[in-house]
Amino acid sequence: MPHLSRRRLLQVGAASAVSSFLPVDAALASASATRPPDEDGYELWLRYRHVDDPARLAEYRRRLTAIVPQGSGELLRCATRELTTGLRGLLSREIEVRERLEGGGVVLGTYDESPFVRSLFSHDELAALGPEGYRLTTVGDRHVVVAATHQRGLLYGAFHLLRHLQTHRPLATLDATERPAAPLRVFNHWYDLDRAVERGYAGLAILHWDELPTLRPRYIDYARILASIGVNGTVVNNVNANAHFLSSDRLGGLAALADLLRCYGIRLYLSANYASPMVLTANDPSPITTADPFDPRVQLWWQEKIAEIYELIPDFGGFLVKANSEGQPGPLDYGRTHADGANMLAERIRPYGGLIFWRSFVHEGFSDWAEYQYRTFAPLDGEFAENVVVQTKNGPLDFQVREPVHPLFGAMPRTNQAIELQITQEYTGHNVHLCYLVPQWKEILDFDTKAQGDGTTVESIVTGTAYGQSHVGIVGVANLGDDRDWTGYLLGAANTHGFGRLAWNPRLSAEEIVREWIQLTFTPDEAFVRPLTDIMLESWRTYEDYTSPLGMGYLTFPTGSHFDPDPRSTLNQSHHTTAEGTGFDRTVATGSGFTGLYAPFWAERYESLETVPDELLLFLHWVPYTHRLHSGSTVIQHIYDSHFDGAERVLRMRETWRELAPHVDARRHADVLATFDEHAFHARRWRDTIVSFFFDYSRILDERREWLQYEFGRGTPLLLGGWPNRLPLKVTNATGQDHRVTARLHVPDERWSAGTAEAEVASRADAEMTLPVQPPLVADQLQLAVAMTPAVEVLGTAGHPTIVTPAGRRCHIALDAGSGSSPLVPGYQRLTPETMWDPARGYGWIGRTPQSRDRGDAWDALRRDFCGDTAPCTLRLAIPPGIHETAVLVGDGGPDVWPTFIDVNGQRVAEGGRIRGGTFEWLRFELDGGSEGREVDLEFSSVPGRFWRLCGLVIVNPDAPIPPAVLTEVRSSGVLWAGRPNDVRVSVAGMTDEPVDVTVAVDVPEGWTAEPASGRVPGGAEVELTVRVTPPTEPTMGTVAVRLAEDPDGEQWTVDTIVVPAPDDAVLVLDAGSPSSPVLEGYRRLSPEELWDADRGFGWVTEPPTFRDRARLDVLRRDFVLGRDQDYVLRLAVPAGAHRVDVLTGDAYSPSGTTSVYEGDTLLGSSGDEIIPQGEFRWFSFTLDGGEAGRLADLRLVGALRDRWWRLVALVMRRA
């Protein structure tokens, strides 16, 4: 994926916010005029630049006069070509390739083919190096020799020689004996058939599938890159596999690619969808309808398919399979084991020498991912076939910047294992954050599992020395794409290089590897190498410091792009944060039992707070904030210190790079500097988000710093352009003193107007404010920042992407696209898949209609939902006379987004880019209504097979009349008392200089009543009026719509509410959720900690459930308790007589399955047989009879559908 719009956001709306922490670049103007010529990064580390050290150049020219390949074969020819290219560039002269050994030069030869090699080395000496090893040495003062038993060794030796020369090392001391440590050194590419790259940040796939067997020149460079670092295998398609990669019409093209790769010692592998027999025979007269590995037709299909592949690709490496994980099919669907599934394939591919890589990354639910894989795979040790390789991620969670080494390493001594590392930076900053991962990988490989006593390191397991295995290795999820620089940002290539070099030789230090990469990629000049080495080596722990406190990790939105911080979204998934403490109890004694999965040495160390390493504390334990680390710091102080210090180190990295300008070409220097700008900005966002989150919960002051922090209310900010807005703001005082805080919004330019707000904020307390702001009449996107007094640090200025959308009243057309039930932008018209063309309305779909998606209330009304589809759809608009600027908002609050294309009459009028999940962009174009107006058809599409998105569409009418008064804000708690009047506060602003009388009218559902409110609004001022809403006496949900009675065409503001019985109308009112989140006024807390207490009259009598706190919606619906797969019993003391019990279920964050309540085996009530959509809730009720004297009722909660979780949000018991 190319660089995204975050750079623009840095430039447009947040200049005032970032200028305080990004140093000025004026010093760049004074960089030396003798800087090297510009480069674009395409050559990576294969830059064969002229050797500018005169003495070293003379030495090289004296010895390296020719290349003498002794033998024949494509691998030898490739090695010769690489040496010819390299020496020509390094020595700045043509290099002769000759057959005879005359004079000096580089001799390439195997023992069998080269008499010269046989004269220097014994057969046993070279045979001990294996087919990929080599000897590289000088002979006398005339020759350099590369010797091996196989031509693959010659190729690797040639690249070694070129590295030696690129780093300006003397030839006199050249004497290397090399053998790769890991037998299998394999890239995994997550490439799809449409060239999308899952978790890719460097553009599209390198490979153009539909052009094969035609080979592009870049494919040769790709093979050179892999061979140069010793990679000997590549899985070219996504592990979430499309079965059509195995279709017969694809295999010929893949064979041509395999032929090319073979010349560089690389074997081709394919990811296989386990249901391929079903998918690829679906249209046959007698299709296969199962993927059961024991089914004879399934077995025969695979046997014939494998034979077909090997007929075309004799050295085909084998299959990589992701089965029964994240929706992928697998043997467990048929009651078989993972070993059963893998072995069926292994048996059929064994005659050809092929392997089956079988991924162990499986998880179920979110109770504890960490232990599930172990409990699934460890019992299968010894059951996998000899040619099956179980491929296991380095850690038990998912490529986090810090997590323990996976306990499966050392637990499966009778099973071949490969470790899966992630080169692409899914969780470590994408193509923005510098995070050099080789130090992490070194730490993992050096980890001693103690499984068979001292010395059973991960390295020894995956290199085969631990258990005498040869089908083992190191796998990397690659970061290569079709961006010109291959990896999406120049410094990201260091991880690609480092993976290969470490897989070849894990004993190399991280410093040795990165110094080599810097010298090859930039310059051997120590004045450049040393500072950049320091930056690279500290970058991993720096990233860890500002993103992952003490091993907690996974603090991003789970189903999103894994880039932005969002710790609330993984609450109770990766951490259990409360007001008292944080972490995840994975101990045997009181937690999930994960610590007991390790060998006794580590199990004991991890189990105890006395011995657990600080860096893994919160991964393995739940502790109070005041817990003391081995460092002496408390947990909360460490969180504060590490996040502030980490973000500050990024600024120092940027400054160091800026000062290196004289040593590197201007183009690459500027590109890296721009990435550091993004990096610094986003690191601050991480710092602010995580520090604010933990202060919110703990309310413990920092011992060294003080600050004010803020967050905008109602999720992400949305502003109406050309209209008065009121931004709700929560300000928290993280200083030791009470303050009167004044807040004002930073505005980009003079077209904006913004007012201030003031509030008294006590130390450690919050205050609610409302900021007045009016943007210009535009469609835009920017970063909002808030300035505050007193003059202390303010956290929150590096985030909050804001959409400005023109006010609907000032538009010809203003459409909010999405579902039919989600909130609507005030003044906008709803566009859903059901909105068909209507001339009277002036817009609608013609022909095929799209789908809709709703990402929930974490987003504003415009961004939360959208229309879209994989197929093109046409939206017809009635365009008024004249030429009109049109703006379309595209994006997604969830996954990454493919381009959206907009065509009119077959002509492309707008084209979006690929953007990260959680980001949005406006597409702008003109539509011509002619002299009388006309209908225009907009066709929305994307690349074939990909989903286009439409969030909103506006055509501005700057001449539209402005009403004398408008609504600016409607405030309600969201929770209304049943059968009682409830206040809803409404702000009204005057839009002229004259006073205006207004009446606020309220529309409510049937059975509700409402009282309007009237008042006078002074010219140019604002007043607050209060309307009263009385819902029915029974629990329900409803939407309240507020409008100005004098303005029948004006916008409505809606508030989605939940109606609950007042506490004094019931005998028991329970607000279920976390032990520390707010509780609805008058209600009682029901958390997992409320065990049965006779005096209290309620509580859990079995294993208590868990909880989720979504920190969204209102105080009641934000959190809940939940459980599954075992009995959870809530005991209630039921008073004498009949009582009605109302139960609320649902989830602000995700769809919900069925929640049912039983007493014994009797079903009392249920939420129904339909999935409850994300952000929606259901009441259901039943009767409990307390008899004459009262009794105890044990309510058993059961979940069904979807994920089988039951959810309890609230419970109310009233007299019937």
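Just a few scattered comments:
- Just one of the listed residues (Thr626, Thr689, Thr675) is surrounded by fewer than 20 Cβ atoms within 10 Å (Cβ to Cβ), of a type in the set (Ser, Thr, Tyr) and either out of contact with any Pro (no Cβ under 6 Å at 6 or more places or on another chain) or touching a residue at least 12 places away in the same chain (Cβ under 8 Å) (or both), and it is Thr626.
- Residue within segment 169-181 that is within 38 Å of the chain's Cα centre (by Cα), β-branched (Val, Ile, Thr), at pLDDT 95 or above and on the phi < 0 side of the Ramachandran plot present: no
- Only one of the listed residues (Val146, Val186) is farther than 30 Å from Tyr467 by Cα and either aliphatic (A, V, I, L, M) or touching a His at 6+ places or on another chain (Cβ under 8 Å) (or both). That residue is Val146.
- Residue selected from segment 407-460 under the condition part of a loop (DSSP other than H, G, I, E, B) and without any contact (Cβ under 8 Å) to a residue 40 or more places away in the chain, by the criterion nearest to Leu320 (Cα to Cα): Thr415
- Number of residues in segment 1181-1211 that are aliphatic (A, V, I, L, M) and loosely packed, with under 15 Cβ neighbours inside 10 Å equals 2.
- Any hit, segment 297-307, residues being closer than 30 Å to Ala255 by Cα, crowded, with 24+ Cβ neighbours inside 10 Å and among the β-branched types (Val, Ile, Thr): no
- Among the residues listed as His189, His160, His123, His150, the single one being touching a strand residue (DSSP E or B) at 6+ places or on another chain (Cβ under 7 Å), at pLDDT 95 or above and farther than 23 Å from Trp517 by Cβ: His150
- Number of residues in segment 75-96 that are surrounded by 15 or more Cβ atoms within 10 Å (Cβ to Cβ) and of a type in the set (Asp, Glu) equals 1.
- Within segment 243-262, the set of residues being more than 18 Å from Leu193 (Cβ to Cβ) and surrounded by 21 or more Cβ atoms within 10 Å (Cβ to Cβ) comprises just one member, Leu261.
- Residue within segment 942-952 that is buried (at least 20 other Cβ atoms within 10 Å of the Cβ), of a type outside the set (A, V, I, L, M, F, W, C) and in a strand (DSSP E or B) present: yes
- Those residues of segment 43-82 which are part of a helix (DSSP H, G or I) and closer than 19 Å to Thr167 by Cβ, in sequence order: Pro54, Ala55, Arg56, Leu57, Ala58, Glu59, Tyr60, Arg61, Arg62, Arg63, Glu82
- Counted as qualifying within segment 1092-1157 are the strands (runs of 3 or more DSSP E) with 1 or more residues that are surrounded by 23 or more Cβ atoms within 10 Å (Cβ to Cβ) and not β-branched (Val, Ile, Thr), namely 1106-1109, 1119-1123, 1128-1134, 1138-1146.
- Residue tally, condition among the small types (Gly, Ala, Ser) and in a strand (DSSP E or B), over segment 842-853: 2
- Close Cβ contacts (under 8 Å, 6 or more residues apart or on different chains) running from residues in segment 521-550 that are in contact (Cβ under 8 Å) with a residue 60 or more places away in the chain and within 16 Å of Asn495 (Cα to Cα) to residues that are among the hydroxyl-bearing types (Ser, Thr, Tyr) and part of a helix (DSSP H, G or I) comprise Leu532/Thr656; Asp534/Thr656; Ile535/Thr656.
- Where a residue in segment 1190-1204 is within 15 Å of Asp1161 (Cβ to Cβ) and its partner, wherever it lies, is not in a strand (DSSP E or B), with Cβ under 6 Å and at least six apart: Arg1196/Asp1127
- Which numbered condition Glu326 misses (of (1) within 22 Å of Asn188 (Cβ to Cβ); (2) surrounded by fewer than 20 Cβ atoms within 10 Å (Cβ to Cβ); (3) charged (D, E, K, R); (4) modelled with pLDDT of 95 or more): (4)
- When segment 108-126 is filtered for residues that are of a type outside the set (Ser, Thr, Tyr), in contact (Cβ under 8 Å) with a residue 40 or more places away in the chain and within 22 Å of Asp141 (Cβ to Cβ), the ones remaining, listed by number, are Leu108, Gly109, Pro115, Phe116, Val117.
- Residue match in segment 118-126 (condition: more than 29 Å from Arg88 (Cβ to Cβ) and in a loop (DSSP other than H, G, I, E, B)): yes
- Within segment 877-903, being assigned to a strand (DSSP E or B) and under 12 Å from Arg916 (Cβ atoms) holds for Gly891, Val897.
- Where strands (runs of 3 or more DSSP E) sit wholly within segment 144-250, those with at least 1 residues that are charged (D, E, K, R) and farther than 25 Å from Pro899 by Cα occupy 175-178, 184-188.
- Filtering segment 147-166 for residues that are in contact with a Lys or Arg (Cβ under 6 Å, 6 or more places away or on another chain) and crowded, with 20+ Cβ neighbours inside 10 Å leaves a non-empty set.
- Note on segment 730-749: residues that are at pLDDT 95 or above, of a type outside the set (Val, Ile, Thr) and not in a strand (DSSP E or B) total 3.
The values are calculated or read from the model by the stated rules, or taken from the named source; none is laboratory data. The structure presented is a predicted model; accordingly, all values stated were derived computationally and were not measured. Neighbour counts are summed over all protein chains in view; Cβ atoms, including those assigned to glycine, are modelled from backbone coordinates with ideal geometry.
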